[in-house]
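J.: Here it is, the structure in full.
Values in this text are rule-based calculations from the coordinates and carry no lab data. A quick note: this is a predicted structure, and the numbers were derived from the prediction, not measured. No Cβ is skipped: glycine too gets one built from the backbone with ideal geometry, and neighbour counts run over all protein chains shown.
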Amino acid sequence: MLHLHAGADRVDVDDQHGGRIVRLLAGGLDRLVGAPAPPRDPTDDVQWGCFVMAPWAGRIRDATFAWEGGAARLHPRLQGHALHGLAMDRAWQVLADDPASATLACELEGAPWPFSGARVLHRLSLAPGRLELVLEVRAGPHAMPAWVGWHPCFVRPPDGDVHLRVASDQVLVVDDETVPTGALADVTGPTDLRDGPALGGRRLDDTFVDVTWPVRIAWPDLVLEMTAHRADTVVVFTPAHEFCVEPQTGWPDAVHQADVHDADRVGLALLEPGETTTTSTTWTWTRPDA
C-alpha cells in the first residue's frame, strides 16, 4: 500500500489490487467509498475506490470486436459484455514513489487481451487541495485500439445532499443492457445536470458527451472540481449508496461505435506498434466558504 500526503490531505493506493486509489481524505473526510469487508465479492470491484479503466473504458458489446480481419475475444464480466478494461484487478508495479507522488505500471500480457506487450502507466501527484492523475497506454508490438478513463466511487454525505454539475447537452442512448445504440439524445429532466442540481433520488447510468470542464461536485462541506485533458466524455452513475463521476477519453463500446460515427468522434485511439495515448485528470477541492 502506498500512502501519499500533502498537508492534511491523503491518498492511499493499493498496488496489488488494481493500483486502485482506496482512500482520498480531503477536507478532513473520506470522499471515496471504502473497500467492502472481506471476503470480497469480485462482482463488487466496480463499486468502491477509484480505479483505472484501461485499455478500454465501459462496456464492449458481447466481449468481442472485429480487428484486422479477425475477431478479438475478451472475457465477459457483466451480462455477457466486457467491462472497464483489464487493469482494475491486476497487480501493478511501483516504478517510483515519494511522500506526495507515485508512478505505477501494469503490463497487459496474455489472455484475455489479444495484443500482448501493451503497458499502462499511471502517475499520481498530490498537493494540498489538489490531485493530478496522468494515464498513458502504450501499444506493444501489435497495433491495438484504446480508450481509457477513471472510475471514482464517491461517498454520499450522511446529512444533506450532493450537487453535481456536468456541462453537457447530450447523452448516449443505450439499450436494456446499458450498451450504446449509436444514437444521441438531448439532456432533459433527470439527465440535465447543467445547472448543478441536487442528485436526490436521480438514478442515473448515463454517458455525457462533449463535456465542457470543469465538472463540479458539491458536498455540504466541500466543493471538488474535476477537469480532464484530451477527454470530453463523462459517465455518471448514481445508485442510492454512492455516486460515480467517470472522466473518459471515449464512449463506452467505442470500438463498435466507431462503425456508426467515426473513431475521432467516439474517442477511439488506433495505436500503431509502440504508439501511446495519454490523458490526465485534475481534481481540486475547497471549502464552500473559502
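J.: If you compute log10 I(q)/I(0) by the Debye sum over Cα atoms at q = 0.11, 0.15, 0.17 Å⁻¹ for the structure shown, which of (1) -0.68, -1.25, -1.50; (2) -0.84, -1.21, -1.38; (3) -0.61, -1.18, -1.53 do you land on?
T.: Computed from these coordinates, log10 I(q)/I(0) by the Debye sum over Cα atoms at q = 0.11, 0.15, 0.17 Å⁻¹ corresponds to label (3).
J.: Want the number for Arg73 to Thr284: 0.36 nm per residue separation, take away the alpha-carbon distance, what's left?
T.: Taking 0.36 nm per residue and subtracting the Cα distance, the gain is 72.1 nm.
J.: State whether the range 246-290 is rounded, prolate or oblate according to the following rule on the C-alpha gyration tensor (a ≥ b ≥ c being the square roots of its eigenvalues): a/c under 1.5 gives rounded; otherwise a/b larger than b/c gives prolate, and the remaining case gives oblate.
T.: Note, shape of the range 246-290 comes out oblate.
J.: Farthest toward the dipole's positive end in the chain, which of Pro239, Ser116, Ala35, given Cβ charges of +1 (Lys, Arg) and -1 (Asp, Glu) about the Cα centre?
T.: It is Ala35, whose Cα lies furthest towards the positive end.
J.: Another one. Can you compute the label reach from Asp159? Point 7 Å from Cα along the Cβ direction, backbone N cut-off under 16 Å, restricted to the range 23-38.
T.: 29
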